[in-house]
1. More than 20 Å from M134 (Cβ to Cβ), at pLDDT 95 or above and assigned to a helix (DSSP H, G or I): is that true of E84 in this structure?
2. Being among the aliphatic types (A, V, I, L, M) and touching a residue at least 24 places away in the same chain (Cβ under 8 Å) is the filter here, so list the residues in segment 156-193 that pass it.
3. Filter segment 44-102 down to the residues that are among the β-branched types (V, I, T), under 18 Å from C27 (Cα atoms) and free of Cβ contacts under 8 Å to residues at least 60 places away in the same chain and list them by number.
4. Touching a Leu at 6+ places or on another chain (Cβ under 6 Å) and buried (at least 17 other Cβ atoms within 10 Å of the Cβ): is that true of Y176 in this structure?
5. Look at segment 39-87 and say how many of its residues are within 18 Å of A152 (Cβ to Cβ) and surrounded by fewer than 21 Cβ atoms within 10 Å (Cβ to Cβ).
6. Of the conditions (1) at pLDDT 95 or above; (2) surrounded by 15 or more Cβ atoms within 10 Å (Cβ to Cβ), G139 fails just one. Which one is it?
7. Does at least one position in segment 142-152 carry a residue that is of a type in the set (K, R), touching a Leu at 6+ places or on another chain (Cβ under 8 Å) and free of Cβ contacts under 8 Å to residues at least 60 places away in the same chain?
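The values are calculated or read from the model by the stated rules, or taken from the named source; none is laboratory data. Bear in mind the structure is a predicted one, so any value in this text is a computation, not a measurement. Here Cβ is always computed from backbone atoms with ideal geometry, including for glycine, and neighbour counts include all displayed protein chains.
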Amino acid sequence: MKMKPNQKILLQKLNSYATEHHNLCWCIPWDEAQFLHFLITITKPKFILEIGTSIGFSTIWLASAAAEYGGEVKTIEINKARAEQAEQNIKKAELTNVTLLKGDAKTILRDMKAVFDFILLDAGKEHYLEQLHMLEKNGCIKKGTIVCADNAALIAGKKNQKLKEYLEYVRNSEKYTSSYLPFENGLEVSVKA
């Protein structure tokens with residue numbers, strides 16, 4: 001895993017902070033973050049979109065991998081306090097290939113026309129299918145675009161209907177090749193056919 005020492009130290013601190021303050025911020029598990037970093041490193045997507053920045057933990061993983069070959073990350077965060085924390089953390093990581101978009105993803109995606117090679121859905125899983133459809137409608141997804149959805153585990157006793165609809169779509173619509181990876185919260189990795 002190629003990463004600057006200061007970025008590794010910062011990520012360890014953010015991981016500890018997220019574990020201790022889970023009610024204030026939500027970050028993907030460490031092993032899932034490492035996997036996404038690896039996936040970015042081997043696929044080298046030029047344009048990356050992340051929906052759900054939180055405090056910038058996953059953003060730093062994505063952007064540090066992309067910085068190695070000139071890739072760029074756009075990331076969306078609705079919560080002002082978390083967006084401010086993310087901005088500070090991205091600055092501390094010395095990453096200049098990140099654009100943080102503050103606001104509701106639904107509003108931002110409505111006008112988005114950029115084409116992405118890699119997308120991480122990591123906001124409310126009840127919005128994944130709606131967000132994916134908006135991106136498809138706007139031409140933001142092309143053949144070969146990788147779409148990763150965090151929190152893809154179906155958990156007994158939880159409201160899973162919207163997540164089930166998303167998983168049904170990426171697995172059975174024939175528009176994607178999709179596979180579930182059993183990280184702590186589950187990760188669905190789909191590639192546009």
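1. Numbers: more than 20 Å from M134 (Cβ to Cβ): yes; at pLDDT 95 or above: yes; assigned to a helix (DSSP H, G or I): yes.
The answer is yes for E84.
2. Correct list: L163, V170, L181, L187, V189, V191, A193.
3. Correct list: T53, I55, T59, I60, V73, T75, I76, I78, I90, V98.
4. No: the conditions fail for Y176.
5. Final tally of qualifying residues: 1.
6. (2)
7. Looking through segment 142-152, none of the residues is of a type in the set (K, R), touching a Leu at 6+ places or on another chain (Cβ under 8 Å) and free of Cβ contacts under 8 Å to residues at least 60 places away in the same chain.
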